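Engineer: The structure that follows is given in the form of structure tokens.
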């Protein structure tokens, strides 16, 4: 169990990462795939929240409140997650929604299950669907904007599957909060307004332009009451008819028409593709780290494997001694964390994809998580940065493959919930880039998830594991994570984040912060973001002192200072004044809050 002495007033909590911004040099514009998928809007310190019975953490206060009301009415964690997702479709449309997909980790007090609601490629997809007529890979946004990038949405089918197993309240009742808000209106949040101000492509869709902007083309200001009658109608249909109303009726036909009818970049998705979609129940990636067992999402997400690899390598080092000092990260901690990340991301780019199509080495995650293999990989970490790591050769590796070149810029949201019945969920949900494909239909946005595939199907080494194939799920970095006391099966933490391929580093930071550095989950979330995706060492702009930057450069790091707009949420079990309680945290970089009783 994670313990901490918490003063009676939560406002008195010392957030170890809450130091004032430090002046730092500016970096050049990051390359595609390296920038933050969602722009920063504001940074607001948060102290954390406590509860005894149940708790929900989500990225928008209205969504959090919807989940809280469901829990208060006797609903389960899955019930609450459905209510939260429907409200997020309305109030955080840039990040997730029923037009996208999701991964959900569920704990029922005994076992952990991984629900895969990832989008799939159309049956007519080809390996070179993101090639130009001249035979070259498209630029990223040429592929994103329009119908070409839209995969079959998976979130609703997956949530229905989870509800049939773990729901308690009637399915229809869970849509009521979102329907009410859509009909009566909600206040545009400062973050949504900020995102609309910087958005370049959304106005190209007349439907989206009419909804998100006024008659002069200006984004609705924060506080403007926005109504969405079309979405309310769609949600009523799904509430009454189940997910079939979305996947097998007029809604699916309208999605096909929108995708195929794009004037310059039509796509291949059909109503038949949508009708065929099936979620998957998969075996979670569970590995031990010191006194804990950490469970993450398996492929087609790379998050669970990559984080388990990082922890396996860092377990050989004394991370506890490298805790932040006076609120500042140490250069040695950043160095070790970043080097482990380089090695994990190298393997990720080589081996991980949808295992229904491309097997992992040895046909399971075991080879990539083999303790000797990770020990050998960890031995490559020296006092100097390796710059760019090479992929390893785990036991039983027999395949040769190319290196994936997908930028992966998901616009995403995370939800963590614990209920009064001993259930817990960690769910990360996405439409990929901010505002997805920029195609709006029936009041919701469609994903651009197919651009998470490698645009190039092969390179000089052979075929890329994450190439486009019909019916295949694109690789993701989403990392919904549950942590348990090793040997007791007692939940101690639910966490996850949006953030594109940087999600792996964001979540691993929280795990090291709580498990090695003794921080509560809010303190760990609020730490500056840092790490490497097997490129530059990325540090959150304005949050790392100059002397630490210089120490890293002396170790050979190519340092990039940049926005790192994580959206971490977390709930952890803690002992506070001798009483076992839930303690929740939300990312100060976004609008999320936590509620519970």
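The values are calculated or read from the model by the stated rules, or taken from the named source; none is laboratory data. The shown structure was predicted, so the numbers you read here are calculated from the model rather than taken from an experiment. Heads up, the Cβs are rebuilt from the backbone with ideal geometry, glycines too, and the neighbour counts pull from every protein chain shown.
To keep it simple, each residue is scored yes or no on (1) at pLDDT 95 or above; (2) touching a helix residue (DSSP H, G or I) at 6+ places or on another chain (Cβ under 8 Å); (3) surrounded by fewer than 24 Cβ atoms within 10 Å (Cβ to Cβ); (4) part of a loop (DSSP other than H, G, I, E, B).
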site: 478; (1), (2), (3), (4): yes, yes, no, yes
site: 482; (1), (2), (3), (4): yes, no, no, no
site: 495; (1), (2), (3), (4): yes, yes, no, no
site: 504; (1), (2), (3), (4): yes, yes, no, no
site: 510; (1), (2), (3), (4): yes, yes, no, no
site: 514; (1), (2), (3), (4): yes, yes, no, no
site: 525; (1), (2), (3), (4): yes, yes, no, no
site: 534; (1), (2), (3), (4): yes, yes, yes, yes
site: 539; (1), (2), (3), (4): yes, yes, no, no
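Engineer: Looking only at the stretch 447-466, decide whether some residue is touching a residue at least 60 places away in the same chain (Cβ under 8 Å), touching a helix residue (DSSP H, G or I) at 6+ places or on another chain (Cβ under 8 Å) and within 17 Å of residue 571 (Cβ to Cβ).
Structural biologist: The answer is no; no qualifying residue exists.
Engineer: Further, regarding this structure: Scan the stretch 315-340 for residues that are in a loop (DSSP other than H, G, I, E, B), touching a residue at least 12 places away in the same chain (Cβ under 8 Å) and within 23 Å of residue 292 (Cα to Cα) and jot them down.
Structural biologist: Going residue by residue through the stretch 315-340, those that are in a loop (DSSP other than H, G, I, E, B) are 315-318, 323-324, 326-327, 329-330.
Adding the requirement that they be touching a residue at least 12 places away in the same chain (Cβ under 8 Å) leaves 315-317, 323-324, 326-327, 329-330.
If the condition is that a residue be in a loop (DSSP other than H, G, I, E, B), touching a residue at least 12 places away in the same chain (Cβ under 8 Å) and within 23 Å of residue 292 (Cα to Cα), then 315, 316, 317, 323, 324 are the ones that fit.
For (1) surrounded by fewer than 22 Cβ atoms within 10 Å (Cβ to Cβ); (2) under 30 Å from residue 463 (Cβ atoms), each residue gets a yes or a no:
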| residue | (1), (2) |
| --- | --- |
| 130 | no, yes |
| 153 | no, yes |
| 174 | no, no |
| 183 | yes, no |
| 190 | yes, no |
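Engineer: So how many residues does the stretch 553-576 have that are surrounded by 24 or more Cβ atoms within 10 Å (Cβ to Cβ), within 30 Å of residue 489 (Cβ to Cβ) and out of contact with any helix residue (DSSP H, G or I) (no Cβ under 6 Å at 6 or more places or on another chain)?
Structural biologist: Qualifying residue count for the region: 3.
Engineer: Looking only at the stretch 584-597, which residues are in a strand (DSSP E or B) and surrounded by 24 or more Cβ atoms within 10 Å (Cβ to Cβ)?
Structural biologist: Taking the stretch 584-597 first, the residues in a strand (DSSP E or B) are 584-586, 593-596.
584, 585, 586, 594, 596 - these are the residues of the stretch 584-597 that are in a strand (DSSP E or B) and surrounded by 24 or more Cβ atoms within 10 Å (Cβ to Cβ).
Engineer: Within the stretch 549-583, track down each residue that is assigned to a loop (DSSP other than H, G, I, E, B), more than 24 Å from residue 60 (Cα to Cα) and at pLDDT 95 or above. It would help to see each step written out before you state the result.
Structural biologist: Step one: filter the stretch 549-583 for residues assigned to a loop (DSSP other than H, G, I, E, B), giving 555-558, 563-568, 577-578.
So of that shortlist, the ones also more than 24 Å from residue 60 (Cα to Cα) come out as 555-558, 577-578.
555, 556, 557, 558, listed by residue number.
Engineer: Do any strands (runs of 3 or more DSSP E) lying entirely in the stretch 43-145 carry at least 1 residues that are touching a strand residue (DSSP E or B) at 6+ places or on another chain (Cβ under 7 Å) and more than 21 Å from residue 297 (Cβ to Cβ), and which ones are they?
Structural biologist: Numbers: elements: 49-51, 55-58, 101-107, 112-117.
Answer list for the stretch 43-145: 49-51, 55-58.
Engineer: When you check residue 260 against the structure, is it under 23 Å from residue 449 (Cα atoms) and without any contact (Cβ under 8 Å) to a residue 60 or more places away in the chain, yes or no?
Structural biologist: The answer is no for residue 260.
Engineer: Another question, if that's okay. Among (1) farther than 24 Å from residue 387 by Cα; (2) part of a loop (DSSP other than H, G, I, E, B), which single condition is residue 368 missing?
Structural biologist: So the condition that residue 368 fails would be (1).
Engineer: Next question. For the stretch 427-443, name all the residues that are assigned to a strand (DSSP E or B) and surrounded by fewer than 24 Cβ atoms within 10 Å (Cβ to Cβ).
Structural biologist: From the stretch 427-443, those assigned to a strand (DSSP E or B) are 427-432, 440-441; that's our starting set.
441, the sole residue that qualifies.
Engineer: Has the stretch 249-262 got at least one residue that is exposed (fewer than 14 other Cβ atoms within 10 Å of the Cβ) and assigned to a loop (DSSP other than H, G, I, E, B)?
Structural biologist: Yes, that holds for at least one residue.
Engineer: Separate question: Which count do you get for residues in the stretch 299-330 that are surrounded by fewer than 24 Cβ atoms within 10 Å (Cβ to Cβ) and closer than 30 Å to residue 450 by Cα?
Structural biologist: 0
Engineer: Among the residues of the stretch 543-559, is there at least one that is under 21 Å from the mean Cα position of the chain (by Cα) and touching a residue at least 24 places away in the same chain (Cβ under 8 Å)?
Structural biologist: So the first thing to find is which residues in the stretch 543-559 are under 21 Å from the mean Cα position of the chain (by Cα), and the list is none.
No: zero hits.
Engineer: What's the number of the condition residue 288 fails, among (1) more than 21 Å from residue 519 (Cα to Cα); (2) outside any helix (DSSP H, G or I)?
Structural biologist: (1)
Engineer: Also, quick follow-up: Filter the stretch 358-387 down to residues that are at pLDDT 95 or above and touching a strand residue (DSSP E or B) at 6+ places or on another chain (Cβ under 9 Å) and give me whichever is nearest to residue 536 (Cα to Cα).
Structural biologist: 385
Engineer: Please indicate, with yes or no, whether at least one residue in the stretch 543-552 is in contact with a strand residue (DSSP E or B) (Cβ under 8 Å, 6 or more places away or on another chain), within 29 Å of residue 434 (Cβ to Cβ) and crowded, with 24+ Cβ neighbours inside 10 Å.
Structural biologist: So far as the stretch 543-552 goes, no, none of its residues is in contact with a strand residue (DSSP E or B) (Cβ under 8 Å, 6 or more places away or on another chain), within 29 Å of residue 434 (Cβ to Cβ) and crowded, with 24+ Cβ neighbours inside 10 Å.
Engineer: Also, quick follow-up: So which residues in the stretch 52-67 are buried (at least 17 other Cβ atoms within 10 Å of the Cβ) and farther than 19 Å from residue 496 by Cβ, if there are any at all?
Structural biologist: 62, 65
Engineer: Okay, next question. Inside the stretch 409-424, can you point out the residues that are under 14 Å from the mean Cα position of the chain (by Cα) and in a strand (DSSP E or B)?
Structural biologist: From the stretch 409-424, those under 14 Å from the mean Cα position of the chain (by Cα) are 409-416; that's our starting set.
If the condition is that a residue be under 14 Å from the mean Cα position of the chain (by Cα) and in a strand (DSSP E or B), then 411, 412, 413, 414, 415, 416 are the ones that fit.
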